[in-house]
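Have a look at the structure below before the remarks.
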Amino acid sequence: MADKPSFYITTPIYYVNAKPHLGTAYCTILCDVMARYKRACGYDVKFLTGLDEHGEKVQKAAEEHDMTPQQWCDSLAPDFHKIWETLEISNDDFIRTTEERQVKAVQYLWERMREAGYIYKGSYDGWYCVHEETYFTDTQVDKADEEHGTEGQHLCPDCQRPLQRVQEESWFFKLSEFQDRLLALYDEHPEFVMPDFRMNEVRTFVEGGLRDISVSRTSFDWGIPVPFDDGHVTYVWFDALLNYATAVGYGDPSMAEEYARRWPAQFHVVGKDIIRFHCVIWPAMLMALGEALPEHVFAHGFLMVRDEETGQTRKMSKSLGNAIAPQDVIDLLGVEGYRYYFMTDCVPGEDGGISYGRMEQVYNADLANSWGNLVSRTLNMSAKYFDGKTPELPAGWETLDNPLRSIADGLAERYGAAMDRVAYGVAKDEVMELVHAANHYIEDSAPWAIAKDEARADELVQVMANLLEAIRISAHLLTPFMPETSAEVLRRLSLEDEVETDDLLGICAWGGLKGGVPVTKGDALFPRLQSDDK
């Protein structure tokens, strides 16, 4: 794979204080779609996900379940493996911060930071939120209390949970020294934070001034020990952020070649609630270490539940009774429908309002009535009119003008431009334009009428070839969203050798259809949903 360019993409590592939910699945599929697209474009992809297993929050969750922290982590890890397998996630690696490779890398980080002079020992006296695993100043807390009308209660500015007063000896990272360098980074690389409106949020935060941050704890012991100071364990974010570098060999001499090839990452995909860690603290840490910075941090929005009657959206919550589990959606849409809905109907950088009604609407309109219907009708006609095969293709058939070829010309390039900026809905629209046009083409050309006239045999071949070629190209471009369905469509066209490609632009050029090969009609790809199915 050394001859292929590297493409390294990561999800955040997920907390093991609960089972995977709709939000973690959403983020992971976002990465999977990009990873599959880049593989099809000829990149040597490294796709990392994993679990964040240290910190006070994990320790408390374990205690509540009468387990040790390690037992608790071990009990939940299989749930993540299982749901990723179910959702067809193609990750190449799965890291857990309790693994030996992470322990070694974090302790190497500590030594490097000390050598570089960017850490010092002091004492911390301030507010801490266990749930957010974030420290807050008195000024931040007082301002939040005033804004929320909770003076004197001292609630977390982010999640409004009660704060703890923490007084303990700590090691500090000199984050305050990186304000100017970070602002220069944002100026020189405006694409570092995506979408661009998130960059404005990050810049404003840094312009407001940075303070040194505590990076060790002594009040509990569930963490990676600081190698040169007994009794101190690593603050969870100082540990967790390093996982992206650990997975490609940071601090491991035996993986020096891998690290040189893979680092920096091209994409960190994270939720909008943790962009300060990834766009401020993480690049500052890398600057302190003299390491290269990731190319993009893409922040996705939250999934909100839309009320079917009022249209209003609210956060998902068990207490509100509107929480939706991944399996609920799989039961309704199937895995491929699940992936398609969340990747194409929710704008990745914005909050998305979801509902069962909208899921059914998208599924029926795009998948059952359009894509599935096109495949079913066309393959049925090809099998019927050409003895169970695709038509024998005359030389030059692909050069003749027709409305489908006009749309297909440049389609892969337009699609790719959208995919590269994580505009998955735009990319989908490009493909569905061809799908919709092909359905109209069936009605306009009426192959069933042409088939009745032997004098029009050549015309029938051309019409069916155009339809089959539109399907072939659409299947390839829909692969990142619905890999199993696309593979099935290609197999029904006797194109098994095209299921995996590393030349998406080349393979989607008009004229790649095979003539005179068996066609399998098969069952409906997407049976239409009825309202009482949910």
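How compact and how long is region 224-349, expressed as Rg and Dmax of its alpha-carbon atoms in Å?
Here Rg and the maximum Cα pair distance are 19.8, 60 Å.
Treating each Cα of region 343-464 as an identical point scatterer and ignoring solvent, apply the Debye formula and state log10 I(q)/I(0) at q = 0.13, 0.21 Å⁻¹.
Reported log10 I(q)/I(0), two decimals: -0.66, -1.24.
I'd like to compare 454-463, 327-336: which one has the highest average count of other Cβ atoms within 10 Å, and what's the full order after that?
Peptide ranking by packing, descending: 327-336, 454-463.
In square nanometres and to one decimal, what's the mean projected area of the convex hull around the Cα atoms of region 104-187?
It is 7.5 nm².
Pick out, in residue order, every one of the GluC sites (Glu not before Pro) in region 375-434 that is DSSP loop and has at most 15 other C-beta atoms within 10 Å; say none if there are none.
GLU392
Step by step: find N for region 51-179, compute 2.2 N^0.38 Å, then divide the Cα radius of gyration by it. What's the final number?
Against the compact-globule rule of thumb, the ratio is 1.33.
Between 0 and 90 degrees, rounded to the nearest ten: what's the tilt of helix 326-345 against the longest Cα principal axis of the chain?
80
How are the Cα pair distances of the chain distributed, in percent, across 10 Å bins from 0?
All Cα pairs, binned at 10 Å, distribute as 3, 16, 25, 23, 15, 9, 5, 2, 0, 0 percent.
If one computes the Cα centroid of region 81-156 and of region 456-534, what distance in Å separates the two points?
Each part reduced to its Cα centre gives a spacing of 46 Å.
What whole-number distance in Å separates the alpha-carbon centres of region 383-452 and region 208-251?
Using only Cα atoms, the two centres lie 54 Å from each other.
For the chain, what does the helix formula give at 222 nm: sum of -39500 (n - 2.57) over DSSP H segments with n ≥ 4, over the residue count, nearest 500 deg cm²/dmol?
On the way: 21 runs with 238 residues, N = 534.
Taken over the chain, the calculation gives -13500 deg cm²/dmol.
Which order do peptides 343-349, 364-370, 46-52 fall in by mean Cβ count within 10 Å, highest first?
46-52, 343-349, 364-370
In a solvent-free Debye calculation with one equal scatterer on each Cα, what is log10 I(q)/I(0) for region 385-451 at q = 0.13, 0.28 Å⁻¹, listed in the order of the q values?
At q = 0.13, 0.28 Å⁻¹ the computed log10 ratios are -0.52, -1.19.
Compute the acute angle (0 to 90°) between the alpha-carbon long axis of helix 196-207 and the principal axis of greatest extent of the alpha-carbon atoms of the chain; round to the nearest 10°.
10
With a probe of 1.4 Å, find how much accessible area the chain has per residue, and write the answer as a whole number in Å².
Accessible surface, normalised per residue, equals 42 Å².
Considering just Cα atoms, how many Å³ per residue does the convex hull of region 16-110 enclose?
Cα convex hull per residue, to the nearest whole number: 111 Å³.
Kindly express, to the nearest 10 degrees and within the range 0 to 90, the angle between helix 179-188's C-alpha long axis and the longest C-alpha principal axis of the chain.
20
If you wrap region 223-284's Cα atoms in a convex hull and average its projection over all directions, what's the area in nm²?
It is 5.3 nm².
Given 25 °C and 0.890 mPa s, how large is the Stokes-Einstein diffusion coefficient of region 90-142 in µm²/s, with Rh as the Kirkwood radius over Cα pairs?
169
Quantify, in whole percent, the carbon and sulfur part of the accessible surface of the chain (1.4 Å probe; protein heavy atoms only).
Looking at the chain in its full context, I get 47 percent from C and S.
Take the alpha carbon atoms of region 429-523, find their radius of gyration, then divide it by 2.2 N^0.38 Å using N residues; give the quotient. Could the numbers behind the result be given before it?
Values: Rg = 13.9 Å, N = 95, 2.2 N^0.38 = 12.4 Å.
Cα-based Rg divided by the globular estimate yields 1.12.
Report the percentage of all Cα-Cα pairs in region 140-261 whose separation exceeds 20 Å, rounded to a whole percent.
Considering region 140-261, 66 percent of its Cα-Cα pairs are separated by more than 20 Å.
If I model region 414-464 as equal point scatterers sitting on the Cα atoms and use the Debye formula, what is log10 I(q)/I(0) at q = 0.13, 0.24, 0.28 Å⁻¹?
For region 414-464, the Cα-only Debye profile gives -0.47, -0.80, -0.94.
What's the magnitude of the charge dipole for region 1-89 around its Cα centre, counting Lys and Arg as +1 and Asp and Glu as -1 at the beta-carbon? Answer in Debye, nearest 20. Kindly include the intermediate steps, with their values, before the conclusion.
Values: 9 positive and 13 negative charges, 101 e Å.
Computed charge dipole of region 1-89: roughly 480 debye.
The values are calculated or read from the model by the stated rules, or taken from the named source; none is laboratory data. Keep in mind the model is a prediction, meaning the values are calculated, not measured. Every residue, glycine as well, gets a Cβ built from its backbone with ideal geometry; the counts of neighbours run over all protein chains shown. SASA here: full protein model, heavy atoms, side chains in, ligands and nucleic acids out. Shrake-Rupley method; radii C 1.70, N 1.55, O 1.52, S 1.80 Å.
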